[in-house]
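Accompanying notes for the structure given below.
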Amino acid sequence: MHKYYLEFSKTGNIRFISHLDLLRLYKRAFKRSGIELVYSQGFNPHPKLGFAQPLSLGYEGLAEILEFETVKEYSANEMKEILNPLMPEGIRIQKCEALPREGKSLAALADGALYQISIPMEIIGKDFSSADFLAKTELNVEKKNKKKELVTLNIRPMIRNLKEEVQEDFFLIHCDLDAGSTSNLSPELLLQAIRNFTGRPIPGEEVNIIREKIYYVNKYQI
Amino acid sequence: MNLLKKIEPLLKKIEKPGRYIGGELNSVLKDPQSVHTRFGFAFPDSYEIGMSFLGLQILYGAMNQEDGIYCERVFAPATDMEAMMREEEIPLFTLETKTPVRELDFIGFTLQYEMSYTNILNMLDLGGIPLYANLRTQEDPFVVAGGPCAFNPEPLADFFDIFMIGDGEELIVELCRRHGEWKKTGRTKEEFLKSIACLPGIYIPAFYTPVYGADGTLQKIEKNWEGTPDSIQKAIIPKLEDAFFPEKTIVPFIEVVHDRSVVETFRGCTRGCRFCQAGMIYRPVRERSKEKIENLAKELLLNSGHEELTLLSLSTSDYSRFEELATDLMGMCKEQNVSLSLPSLRLDNFSFQVLQEIQGYKKSGLTFAPEAGSQRLRNVINKNITEADIFGSVEKALELGWNSIKLYFMIGLPTETKEDLDGIVDIAKKIMDLNYQIRGRKGGRFNVTVSVSNFVPKPHTPFQWFPQNSASEFMEKHYYLKDRLKGVRGVTFHYHHAETSIIEAVLARGDRRLSALLQEAWSLGCRFDGWSEHFRYPLWEKAFDNTGLSMDFYAARTRSYGEILPWDHIDSAVTKEFLIRENEEALKEALTPDCRLGCTACGVNQRVLCEMEGVHA
């Protein structure tokens, strides 16, 4: 068994397919490539591959991570060369590297992510200040729990860092958010807090969200 | 014009935006300027249903392998997308290049089921194309159609310029080639229609006018132009082996109904079930060679990366080298971690071996389609399956560990009585008893699902003269069965909406006056009528009222052999004499054998070689 990961971007209209669609896309690409994946044992064997973090439908990703196990050993670069031509428009594999064989999966290690949220100036208005926003000790939003009941949640502890930048007609928010199995903050909820804070409606379809990077526990680097 | 910039903002607001983005693996991009003919292949239902349809992949491939033709896809937008397109004034567009459909040369609808007809009108309207053919101008595209429902095109006749009857993969390419030639001449659209009117399989409805008598029945079908044929012969591909079949199929990004590689093993069926339209109109049986099927399977899997392979035909195990084929494919699939699924198997010893092998521990349910509850009624419909067959197979299945059996029946079949309905209940009970006998009272989880559908008499079948049950008769029968099956532990009962079946029957055997009905139903808001959550019967009732048409006239009336039927000028190559003879045999409860045992003189061998005629005689 040989473990690898791919780093790829998902941009353009392909962002409108879900992460499960993307997983199936990779399974099929591996089948076409002839790179044999390791299958799980049991009644319903499935190939061992998965994302470090699922990316929501509609978001673009600049450095998404897919980890997988192959039956034979490959040179990582060779795999990138084989797989890239099999990718549709919008998916670009930037690198492929071997992963140390032992230890937890990247999905288990992922704990944070860097997002860029872009909102047209006229939508967010002029008075949003990240310093004031972060100065709040509580940023409460409403969220449905697993029982589908609305609960109030303070998201402030899950925001690690947040900066603003104005780029022509767009207001960009760069933010590090918890993104892992123990604590996870969806940018949707952050947006809801921004709506509460600014008192502006900010329709979802006016907002563009890009995930730029995924972080791992204890500053683990891949 | 490319509408992408206008479509993009909508994609964030709607469900399943992946339906509208295009760009899937093996979809085709061409420079539209480089071709003489642009064809929009329109499936009048959702993307997920349309993309599971093999005919789309065949015709898309057949057209796009020609340099001069560009075929793109068009689907019915879901209701959320439709609302937004109307609000933003975005016309219906092709998936590949986001071109408004009215800029194409052809928009071609596939007619797979009657309940999609209102979607056709809705799509034309969304495309900004006048619904009625006679209101369209020289600048509008030709609106064309094909598929099984084109064998009675009359209810849609006012909306279409051209129907293609029969096998489409060669005819559609020929149509486009001739269109390219016509385009160079600069002649009128009518002249184009005249130039193709005599091609086998082409029907130009504008060249015919139906004349009705005082009782509402057809008196004659008048020709408006000398040059048009008296009857329209269906197009037949004599040898399937040489016909185009795609080695690369479009692989959707999003999950669709069937996401798998499909090889058509043969077309047609020799069994002659009397209710079955497909069994009549796809005659004769034509097979692909085993080698070709295996090669296609290999290529399709390689080019798609699919994890499932299946075979398509009307009765899978009738393929003449089925055992060898199934054995080979099982080996190939196992090697490649691909699952093989074989629908509509006849359950003999070999099939059980195959099913054991391909399903292993995750056994899906076993399905039987006795169609009728008694041997008498099965003889009427010529469904050659006995209770001994069913119970023998069930016993075997129980021994091998299957836990679920599905049974399909039809109700409202000709000559049906209460005894036939009781027969349905008896079969279900006996299967439960068999389970107790073989596995004991506490033999574990086991269930039987009984599904009944409502019989819809179809054109070009021996039952085309037969009246359909009324909605209330169907409902009474549903309650009768529900009541009796309620007491049988382990049995689940499903039945179809009666009112949907009535509308389906009206449209199936309708005449040209129904164009007005369809237009009315659509303008009242009918869409996606095949979806129970969208079907609105009161609107259909209102459409009948507003147009002065009678549901019963079309669905519940007995036609005489002498009556001119709206589809009589469409020649399926099966003769009317054969259909009459089969109907008479049905009333005598007499079986007609499979034509592999000897020709039954349906007439198709007068047009084309019948490969299977008497091969087991």
Only one of (1) touching a residue at least 24 places away in the same chain (Cβ under 8 Å); (2) of a type in the set (S, T, N, Q); (3) not in a strand (DSSP E or B) is not met by A:Gln221, so which one is it? (1)
Looking only at the range B:6-29, decide whether some residue is over 25 Å from the mean Cα position of the chain (by Cα), more than 14 Å from every other protein chain (Cβ to nearest Cβ) and outside any loop (DSSP other than H, G, I, E, B). no
How many of the residues in the range B:288-312 are more than 14 Å from every other protein chain (Cβ to nearest Cβ) and either surrounded by fewer than 22 Cβ atoms within 10 Å (Cβ to Cβ) or in contact with a Pro (Cβ under 8 Å, 6 or more places away or on another chain) (or both)? 10
Is it true that some residue in the range B:569-580 is out of contact with any strand residue (DSSP E or B) (no Cβ under 6 Å at 6 or more places or on another chain), exposed (fewer than 15 other Cβ atoms within 10 Å of the Cβ) and in a loop (DSSP other than H, G, I, E, B)? no
B:Pro370 versus (1) buried (at least 20 other Cβ atoms within 10 Å of the Cβ); (2) in a loop (DSSP other than H, G, I, E, B): which is the lone unmet condition? (2)
Any residue at all in the range B:334-354 that's outside any loop (DSSP other than H, G, I, E, B), of a type in the set (D, E, K, R) and either in contact (Cβ under 8 Å) with a residue 12 or more places away in the chain or on the phi > 0 side of the Ramachandran plot (or both)? no
Considering only the range B:374-418, how many residues are surrounded by fewer than 16 Cβ atoms within 10 Å (Cβ to Cβ), β-branched (Val, Ile, Thr) and under 20 Å from B:Thr592 (Cα atoms)? 2
Among residues of the range A:4-20 being β-branched (Val, Ile, Thr) and in contact with a strand residue (DSSP E or B) (Cβ under 7 Å, 6 or more places away or on another chain), the residue nearest to the other protein chains (Cβ to nearest Cβ) is A:Ile14
Has the range A:38-51 got any residue that is surrounded by 15 or more Cβ atoms within 10 Å (Cβ to Cβ), in contact (Cβ under 8 Å) with a residue 40 or more places away in the chain, within 14 Å of chain B (Cβ to nearest Cβ) and not in a strand (DSSP E or B)? no
B:Val338: passes all of (1) buried (at least 18 other Cβ atoms within 10 Å of the Cβ); (2) more than 14 Å from chain A (Cβ to nearest Cβ) but (2)
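Residues to consider are A:Leu23, A:Leu57; find the one that is without any contact (Cβ under 8 Å) to a residue 60 or more places away in the chain and facing chain B (nearest Cβ under 10 Å).
A:Leu57 is the lone residue from the list that is without any contact (Cβ under 8 Å) to a residue 60 or more places away in the chain and facing chain B (nearest Cβ under 10 Å).
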Residues of the range A:59-84 being surrounded by fewer than 18 Cβ atoms within 10 Å (Cβ to Cβ), outside any helix (DSSP H, G or I) and small (Gly, Ala, Ser), in sequence order, are A:Ala63, A:Ser75
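Read the figures in this text as sums done on the coordinates, not as results from a lab. Predicted, not measured: the structure shown is a model, and the values here were computed from it. With ideal geometry, Cβ positions are generated from the backbone for all residues, glycine too; neighbour counts draw on all protein chains shown.
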